[in-house]
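The values are calculated or read from the model by the stated rules, or taken from the named source; none is laboratory data. As the structure is a prediction and not an experimental result, all values here were calculated from the model. Note that we place each Cβ from the backbone using ideal geometry, even for glycine, and neighbour counts take in every protein chain shown.
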Amino acid sequence: MRKMFVHTCCGPCATYPTEHLTTIGVTPTLFFYNPNIHPYQEQKLRQAGLIQLAQNRNLPYLIEPGYELEQFLALVAAKPSERCQTCYQLRLTKTAQKAKELGFEIFTTTLLISPYQNQALIVAIGQQLATEYNLVFEANDFRPGFRQSQVMAKEMGLYRQKYCGCIYSEKERFCKE
């Protein structure tokens, strides 16, 4: 079995990728680092969903301690239009650093399941970080399993969020003025 370090944004987005990876002989270790998620209660709900999934599937997981919301906001406040790129960079950098520190050779992210995320940008950042940290970034296109992941999350009783995570995406989702 190959081992892979998997940045995980939430339980629902990890349902299909973890099933797919284990089916092809990969043991995923789930990593929760998402300082972009606002408010704090939302972050804790998503974290709990990840833990629930990991325990249900007997998968190893790691929760990065703390809640670095201020760091995320400081990075994106000046250019909110570039927030997604900054967010991907922040989360994948921490993932690559942690993967290297823990002795993993391969990493990926569950962000690659969403049809709403910029797949090409995520892959470019992941590959750049792989080179920088002497790792391999697996650019798995999990999008074909997106709808299936929603069904699996519902069947497992996982908390399912209604927006990407940051305060900007929350505003876009709910403020229709």
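For every residue, the table says whether it meets (1) modelled with pLDDT under 95; (2) of a type outside the set (S, T, N, Q); (3) surrounded by fewer than 20 Cβ atoms within 10 Å (Cβ to Cβ); (4) in a helix (DSSP H, G or I).
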position	(1), (2), (3), (4)
Thr15	no, no, no, yes
Pro28	no, yes, no, no
Gln41	yes, no, yes, yes
Ala54	no, yes, no, yes
Leu62	no, yes, yes, no
Phe72	yes, yes, no, yes
request  = Kindly indicate whether any position in region 99-107 is more than 17 Å from Thr8 (Cα to Cα) and of a type outside the set (Asp, Glu).
outcome  = yes
task = Identify the single condition in (1) modelled with pLDDT under 95; (2) surrounded by 20 or more Cβ atoms within 10 Å (Cβ to Cβ) that Gly126 does not satisfy, given that it satisfies every other one.
result = (1)
task = Check Ala48, Ala14 and return the single one that is in contact with a helix residue (DSSP H, G or I) (Cβ under 6 Å, 6 or more places away or on another chain) and closer than 22 Å to Glu155 by Cβ.
result = Ala14
request  = Quick one: which residue in Leu129, Leu158 is aliphatic (A, V, I, L, M), under 16 Å from the mean Cα position of the chain (by Cα), under 23 Å from Thr29 (Cβ atoms) and not in a helix (DSSP H, G or I)?
outcome  = Leu158
query = Filtering region 132-155 down to residues that are outside any helix (DSSP H, G or I) and over 15 Å from the mean Cα position of the chain (by Cα), which residue is surrounded by the fewest Cβ atoms within 10 Å (Cβ to Cβ)?
reply = Asn134
